[in-house]
Amino acid sequence: MNTKTAKLPKWFKGQLYDKGDTVKNPFSGEEYELNNVELSMYDFIIGTQLVFEMSPNLATKGMVDDFQKGLDWFKEHNAEAYMVLLD
């Protein structure tokens with residue numbers, strides 16, 4: 001699927017950014033350029049992951065489900081970026 005025309009799914013409750021940016025994997029140091037839609041989903045995934053790590057008692061089934069849906073969406077829409085940044 002062309003990520004330039006991809007839209008965020010209806011279940012997504014995060015912010016849609018106006019611009020994309022370069023994201024760096026903190027472990028490997030690899031970088032990847034994301035468009036605005038991908039960056040919005042990436043930040044949602046990372047933010048949710050931080051909540052899970054810092055306050056696991058706040059994690060609800062809905063949050064866990066949305067986190068997994070976010071990973072699936074990212075993998076489907078930009079598998080290469082997924083492998084660099086999230087795998």
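For the range 54-87: of the residues being small (Gly, Ala, Ser) and more than 9 Å from the chain's Cα centre (by Cα), which is surrounded by the most Cβ atoms within 10 Å (Cβ to Cβ)? By that ranking, first place goes to ALA81.
Note on the range 16-62: residues that are more than 17 Å from VAL84 (Cα to Cα) and touching a strand residue (DSSP E or B) at 6+ places or on another chain (Cβ under 9 Å) amount to 1.
Can you name the residue in the range 23-53 that is charged (D, E, K, R) and exposed (fewer than 14 other Cβ atoms within 10 Å of the Cβ) and is also nearest to HIS77 (Cα to Cα) among such residues? Looking at the filtered set, the residue picked out is GLU33.
Only one of the listed residues (LYS13, LYS7) is of a type outside the set (Phe, Trp, Tyr) and over 21 Å from MET83 (Cα atoms). That residue is LYS13.
None of the figures in this text is laboratory data; all of them are computed from the coordinates on show. Values in this document were obtained by computation on a predicted structure and should not be read as measured data. As a convention, Cβ positions derive from the backbone with ideal geometry for all residues, glycine included, and neighbour counts pool all protein chains shown.
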